[in-house]
Each structure stands twice: as structure tokens, then as C-alpha cells.
1. Take Thr129, project a point 7 Å from its Cα along the Cβ direction, then tell me which residues of the stretch 152-173 have their backbone nitrogen under 14 Å from it.
2. Looking only at Arg84, Arg55, Arg30, which one moves most when the chain is put into a Gaussian network model with springs between Cα atoms under 10 Å?
3. Can you give me the angle between helix 16-30 and the longest principal axis of the chain, using Cα atoms only, in degrees from 0 to 90, rounded to the nearest 10?
4. About its Cα centre, what dipole magnitude does the stretch 1-96 give when the only charges are +1 on Lys and Arg Cβ and -1 on Asp and Glu Cβ, stated in debye to the nearest 20?
5. Kirkwood hydrodynamic radius (Cα pairs, Å) of the stretch 1-70?
6. If the chain between Ser142 and Arg159 were fully stretched, how many nm would it gain, using 0.36 nm times the residue separation less the Cα-Cα distance?
7. Considering only protein heavy atoms, what is the solvent-accessible area of Thr26 at a probe of 1.4 Å, reported in Å² to the nearest 10?
8. For Asp75 and Glu101, what does the FRET efficiency come to when R0 = 22 Å and r is the distance between their Cβ atoms, rounded to the nearest 0.05?
Amino acid sequence: MSEANWYVVHTYSGYENKVKANIEKTIENRHLEDQILEVRVPMEEVVEIKNGTKRQVQRKLFPGYVLLNMVMNDDTWYVVRNTRGVTGFVGPGSKPVPLTETEMMNLGINEATEKVEFDLQEGDAVTVTGGAWKDTQGIIQSINKAKQMVTINVELFGRETPVEISFAEVKKM
């Protein structure tokens with residue numbers, strides 16, 4: 001069996017979640033769990049201001065596109081290509097092109113990235129060990145395990161300012 005890669009599928013605008021649901025249903029019905037491993041609609045969290053009120057909303061990172069981690073063969077190509085709402089794979093002609101390592105890292109979906117074990121919690125005092133904030137001390141305000149980042153408050157121009165630092169660049173005081 002060949003190796004699974006990430007592919008990009010073009011969809012009708014606004015149909016991304018429907019396409020994801022349809023592909024997942026087809027995977028279940030045809031028992032393709034070992035060939036189509038994951039279907040994603042990349043989202044980002046954005047602060048939106050409407051009528052003077054701020055609120056956090058989820059927004060599609062790439063409207064009109066769905067990411068698939070799959071083994072490319074005739075069956076999987078046929079299933080995805082003939083899903084309602086899919087206009088085709090991204091690539092020249094009808095030949096899908098998998099994402100490169102660099103592209104996957106830029107999207108934050110590279111499984112090969114090193115996961116740092118992290119035993120700190122919110123409220124712990126830490127010292128920054130590298131980067132622009134080296135030797136700065138702060139208190140952990142929040143932890144984002146997916147991005148492997150912590151947010152600490154540092155004093156900048158006499159004010160407390162939140163700064164995101166990588167897990168690898170902080171140590172407990």
C-alpha cells in the first residue's frame with residue numbers, strides 16, 4: 001500500500017463543511033477509513049467587531065478548499081472527485097499534487113514536527129530562554145498545546161503586554 005499524503009480539494013464556495021460531512025459519510029459507508037485518514041476545513045479564530053461589540057468567531061482559513069490526508073488510488077480519487085460540491089483536486093489537469101513538507105508546516109499540519117513535553121500550567125512563573133525575549137520573566141496566562149505556545153505577560157514601556165513564546169523557549173523559575 002502506498003503512503004498517505006495531504007491533498008487540497010476545490011469546492012463550491014460555502015460548501016466546505018457539507019463536502020467534509022459528505023466525504024466522511026462516504027468513508028464510513030465504503031469502509032475507506034484506512035485510505036482516507038482525515039478531512040479538514042482549516043479554521044482560524046478572529047475577533048469581529050459589529051455594532052461596537054467584540055466577539056470571537058471561527059472563519060475559514062481557505063474559503064472554497066478542503067484538505068484531505070489520504071492514500072491516492074483510483075477508488076479514493078473517484079470517491080472524492082464525485083462527492084457533491086467538489087469541483088476537483090488542486091493540481092495540473094486531473095492529476096492531484098500532494099502538499100510538500102514546507103507547505104504542510106506553513107499550514108500547521110505537519111505530523112513530523114517535534115512535540116515538546118510541557119509540564120507547566122497557567123499561573124506558573126517562567127523565564128524565557130531564547131529569542132527576542134531572552135531572560136525575560138513572566139507568568140503564564142494561557143497555554144496553546146496545538147501550536148505549542150504559551151502566552152506570558154511581559155512589561156513593555158511600563159505596561160503589561162501579552163507575548164506568545166514557544167514551549168521550547170521557556171523554563172520554570
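1. 166-173
2. Sorting by GNM fluctuation, first place goes to Arg55.
3. 60 degrees
4. 600 debye
5. Working: mean 1/r = 0.0731 Å⁻¹.
The Cα-based Kirkwood calculation yields 13.7 Å.
6. Details: separation 17, 0.36 × 17 = 6.12 nm, distance 1.84 nm.
Here the segment from Ser142 to Arg159 would lengthen by 4.3 nm.
7. 40 Å²
8. Working: r = 26 Å, r/R0 = 1.18.
Computed FRET efficiency for Asp75 and Glu101 comes out at 0.25.
The values are calculated or read from the model by the stated rules, or taken from the named source; none is laboratory data. Because the structure is predicted, anything quoted here is derived from the model rather than measured. Methodologically, a virtual Cβ is constructed for each residue, glycine included, from the backbone with ideal geometry; neighbour enumeration extends over all protein chains shown. Ligands, DNA and RNA are stripped out before the accessible areas are found, and what is left, the full protein with its side chains, is counted by its heavy atoms. Shrake-Rupley method; radii C 1.70, N 1.55, O 1.52, S 1.80 Å.
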